[in-house]
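**Student:** Have a look at this one.
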Amino acid sequence: MDFPHLLALVRRGDELAWEAFVRQFQSRVFGLAYHYTAQAEDARDLTQDVFVRIYQNLALVPDAEGCLPWIIRITRNACIDHLRRRKARPPLWDLPADEMFDLRSSDQNPEEAHLEAVRKGMVHRALQELTDLNREIILLKEIQGLSLEEIAAILEVPVGTVKSRSNRARLELAQKLSAAGLCSADVGG
Amino acid sequence: MNDFHENPNPHIAPPLGPEAALDLTRSILARTSGSPCQRLQDLACAFVDGELEADQSTLVRAHLDHCDACAALVKTLTQTQAVLPNLVELDPGPWFTQRVLRATVHLPPRPAFDLGRAWKQLMHRPRIALEAAYLGAAASLMGVYLPLPLPHLAAKVPALVQPLTQPLGASAQRIAGQVVQAEQRTTASLEAFPLRPRNARSLWQRLSARFKTKIQSFRKAEPRAPKNSAEGKKAPPANP
Ligand SMILES: [Zn+2]
């Protein structure tokens, strides 16, 4: 079923269509929220809030390719609000990132799957060490695949800033990862 | 890059502890601060993305063949770029969808179109006052200059529009003032250059002819005439 048709059914109150809508976007929203918060349970709460907001504003959901950037923007804003509130209260210890990423890789052979989870966990942890703007640019551009213009609109900075920051952010991330031994994760893991 | 090869211990084992990791970062930064390495850092992302010109790409490859630090950086960048897109989705757990559906089942979805909401959004437009002022000015122009079908209504329009633009504030009045000035300028220039019949002489032709006769009469009156035509204009014309 194409997306505009699905959205039309959701707007008419079709419960099955709404379930399909949630399943279509939940991993994406949760992934983004997890990289922002680094806390699985916080990310689940935020993801649920995002879907409640979408459900309450179905008239505003863009029909076509604008939908995903719109959902990403809502998720990002919810995460930023959450992080501002959380500054007062330091986060509790969470499930190690590698285990979070191990949950998804069941179709590969176990060894390769584990290695992949280790690499993902490393990148996730290295992202937490970047400056806020650099982390957001990596999250939105390299992970979510948004265009420079879409990112500039979300972050309210000029397109040129996103472009010049993007390379610096990638270099900073690579330097953190080589310090953490990403390349050596091929051998041992 | 030669400095690098003079280093007695170029091969460092993969570090494990955080201190060793920090050492490696420092050593990478120390080794990549030379100018060819700095230049390579500027190009590294474009190189990994395959966006470099062939010539530049060859130069980068040549540097990488001789600089382990930059080669390690490019390798890490390449691996990172391969991992990043795979982080886009993450499973929130098997019961998560049910949890969202439970949270939304009692919420009535908003209707596709809500008049009150649409009005609120319209009123939240940051330039609503300016837009209203423009609309008011445009309406006054149309009211005054377009031939309305009802003449008695057309006569009333300026009187109706004026009190409307007054309470909109200083900026609206300024805009309305500018519109009135523009109208006056347009009217004046239209009156100065009336439409002429096809074969009539243009304004320019008439002006230049009048100017020529004045110059000629001036020359007749004073043989050593001033070169400036403006002074010539001021001189008392001696009409032939
Ligand atoms: Zn180098």
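The values are calculated or read from the model by the stated rules, or taken from the named source; none is laboratory data. Keep in mind the model is a prediction, meaning the values are calculated, not measured. Quick reminder, even Gly has a Cβ in these numbers, built from the backbone with ideal geometry, and neighbours come from all protein chains shown.
**Student:** Checking B:Ala62 against (1) closer than 18 Å to A:Glu172 by Cα; (2) modelled with pLDDT of 95 or more, which single condition isn't satisfied?
**Tutor:** All conditions pass for B:Ala62, except number (1).
**Student:** Something else now. For the condition at pLDDT 95 or above and more than 16 Å from B:Gln41 (Cβ to Cβ), what is the one hit in A:Leu182, A:Leu133, A:Leu139?
**Tutor:** The match here is A:Leu139.
Results for (1) surrounded by fewer than 16 Cβ atoms within 10 Å (Cβ to Cβ); (2) within 14 Å of the chain's Cα centre (by Cα); (3) in the same structural domain as A:Ala126 (by TED's automatic domain parsing), shown as yes or no for each residue.
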residue	(1), (2), (3)
A:Thr37	no, yes, no
A:Ala40	no, yes, no
A:Thr47	no, yes, no
A:Tyr55	no, no, no
A:Leu58	no, no, no
A:Val61	no, no, no
A:Glu65	yes, no, no
A:Thr75	no, yes, no
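**Student:** Restricting to the stretch A:7-24, name every residue that is buried (at least 17 other Cβ atoms within 10 Å of the Cβ) and either under 11 Å from A:Tyr55 (Cα atoms) or in contact (Cβ under 8 Å) with a residue 12 or more places away in the chain (or both).
**Tutor:** A:Leu7, A:Val10, A:Arg11, A:Trp18, A:Phe21, A:Val22
**Student:** Grab the helices (runs of 4 or more DSSP H) fully contained in the stretch B:35-103, keeping just those with 3 or more residues being away from chain A (no Cβ under 14 Å) and within 12 Å of the ligand (Cβ to nearest atom).
**Tutor:** Answer list for the stretch B:35-103: B:54-66.
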